[in-house]
Amino acid sequence: MRLDKFVCKSTQLTKDEAIARIHCGDVLVNQSVVTNESTQVHENNAILLNGFQLTPRDFRYIMLNKPAATICSNIDEVYPSLFNLLDIDHVSELHIAGRLDADTTGMVLITDDGRWSFNITRPTCHCAKVYQVTLSKAITDDAAIQIKSGIKLQGEDKLTLPANLVVINSKEVLLTITEGKFHQVKRMFSAVGNRVVSLHRVAIGEVSLDIDVGQWRYLTAPEIESFIK
Ligand code: URA
């Protein structure tokens with residue numbers, strides 16, 4: 001991690017304040033003064049600020065049930081950021097592992113551990129995401145077959161990866177995909193002449209959503225581990 005991030009994660013200093021202290025020569029890494037804030041450091045390094053050993057706070061791993069009309073951004077835009085729902089300290093250090101559209105509801109994973117979230121979002125991971133989808137028209141057998149086997153999305157060269165689709169009723173399905181292309185679920189149904197009316201993410205990997213809309217909780221140790229392959 002960068003030295004300025006390490007200092008922030010170990011103190012109450014803002015990023016600008018941490019950089020100023022580093023530039024002043026107040027920070028030692030393994031007994032040498034380091035004045036470049038982008039220097040990569042490791043938790044095993046001895047890092048001191050004005051003679052005091054710094055120890056970063058533990059990483060946080062959070063599940064949140066995203067309401068509609070909130071956005072997966074650290075700042076409010078047209079809609080409020082879903083981070084407003086988190087009544088905890090140092091919210092600015094957190095990021096989302098796999099965004100949802102403003103009108104999509106359901107499970108969002110939030111953390112300050114970049115390596116962990118990369119495990120979930122990197123394209124080669126093929127982490128399963130399960131969506132409950134309500135459609136404008138009844139799903140046809142042909143559309144279901146195409147979606148399951150892989151479909152060409154507008155603007156893409158390759159077919160989508162095979163997906164799992166369970167029909168709950170004619171206009172409601174459970175779709176499991178292992179990719180995370182932009183607006184993927186909406187584009188998949190659009191490609192077969194249908195339209196997503198509502199979209200709700202119910203699971204990521206082995207972890208299922210079990211809290212009410214607008215609520216959040218910390219992940220358990222086994223849940224955190226389940227994403228580390
Ligand atoms: N696919 C979409 O189209 N939207 C989302 O929010 C998530 C997946």
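The values are calculated or read from the model by the stated rules, or taken from the named source; none is laboratory data. Just so we're clear, the structure is a prediction, and the values are computed from it rather than from any experiment. With ideal geometry, Cβ positions are generated from the backbone for all residues, glycine too; neighbour counts draw on all protein chains shown. To get the accessible areas, we keep the full protein, side chains included, count just its heavy atoms, and leave off ligands, DNA and RNA. Shrake-Rupley method; radii C 1.70, N 1.55, O 1.52, S 1.80 Å.
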> If you take the residues in region 211-227 that are touching a residue at least 24 places away in the same chain (Cβ under 8 Å) and in a loop (DSSP other than H, G, I, E, B), which one is surrounded by the most Cβ atoms within 10 Å (Cβ to Cβ)?
Replying inline: Phe227
> Taking region 78-109, which residues are more than 16 Å from the ligand (Cβ to nearest atom), touching a residue at least 40 places away in the same chain (Cβ under 8 Å), among the hydrophobic types (A, V, I, L, M, F, W, C) and outside any loop (DSSP other than H, G, I, E, B)?
Replying inline: Leu85
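Scan region 127-138 residue by residue and report those that are open to solvent by less than 80 Å² (accessible area, probe 1.4 Å) and more than 16 Å from the ligand (Cβ to nearest atom).
First pass over region 127-138, keeping only residues open to solvent by less than 80 Å² (accessible area, probe 1.4 Å): 127-136, 138.
Matches in region 127-138: Ala138 only.
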> Among the residues of region 154-163, is any open to solvent by 60 Å² or more (accessible area, probe 1.4 Å), more than 16 Å from the ligand (Cβ to nearest atom) and assigned to a helix (DSSP H, G or I)?
Replying inline: no
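Given the residues Arg201, Arg187, Arg195, which is the only one that is touching a residue at least 12 places away in the same chain (Cβ under 8 Å) and loosely packed, with under 13 Cβ neighbours inside 10 Å?
The match here is Arg195.
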> From the set of residues in region 140-151 that are surrounded by 13 or more Cβ atoms within 10 Å (Cβ to Cβ) and of a type outside the set (Gly, Ala, Ser), which is farthest from the chain's Cα centre (by Cα)?
Replying inline: Thr140
> Residues of region 88-117 being closer than 19 Å to Gln184 by Cβ, open to solvent by 10 Å² or more (accessible area, probe 1.4 Å) and either among the hydrophobic types (A, V, I, L, M, F, W, C) or assigned by TED's automatic domain parsing to the domain that holds Val192 (or both), which ones?
Replying inline: Ile96, Leu100, Ala102
> Within region 140-149, which residues are in contact with a strand residue (DSSP E or B) (Cβ under 6 Å, 6 or more places away or on another chain) and away from the ligand (no atom under 16 Å from the Cβ)?
Replying inline: Ala144, Lys148
>> Go through region 12-27 and report how many residues are surrounded by 16 or more Cβ atoms within 10 Å (Cβ to Cβ) and either at pLDDT 95 or above or farther than 27 Å from Val91 by Cβ (or both).
In response: 6
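Look through region 167-184, keep the residues that are away from the ligand (no atom under 13 Å from the Cβ) and exposed (fewer than 13 other Cβ atoms within 10 Å of the Cβ), and return whichever of them is nearest to Arg122 (Cα to Cα). Working first, answer last.
Applying the first criterion (away from the ligand (no atom under 13 Å from the Cβ)) to region 167-184 yields 167-174.
Now drop any that are not exposed (fewer than 13 other Cβ atoms within 10 Å of the Cβ), which leaves 168-170.
Numbers: Ile168: 30, Asn169: 33, Ser170: 33 Å.
For region 167-184, the residue satisfying everything is Ile168.
Condition test on Asn30, is it at positive phi, exposed (fewer than 15 other Cβ atoms within 10 Å of the Cβ) and not hydroxyl-bearing (Ser, Thr, Tyr)? Steps first, please.
Numbers: at positive phi: yes; exposed (fewer than 15 other Cβ atoms within 10 Å of the Cβ): yes; not hydroxyl-bearing (Ser, Thr, Tyr): yes.
The answer is yes for Asn30.
Is it fair to say Ser73 is at pLDDT below 95, open to solvent by less than 20 Å² (accessible area, probe 1.4 Å) and under 22 Å from the mean Cα position of the chain (by Cα)? Outline the logic, then answer.
Details: at pLDDT below 95: yes; open to solvent by less than 20 Å² (accessible area, probe 1.4 Å): yes; under 22 Å from the mean Cα position of the chain (by Cα): yes.
Yes: the conditions hold for Ser73.
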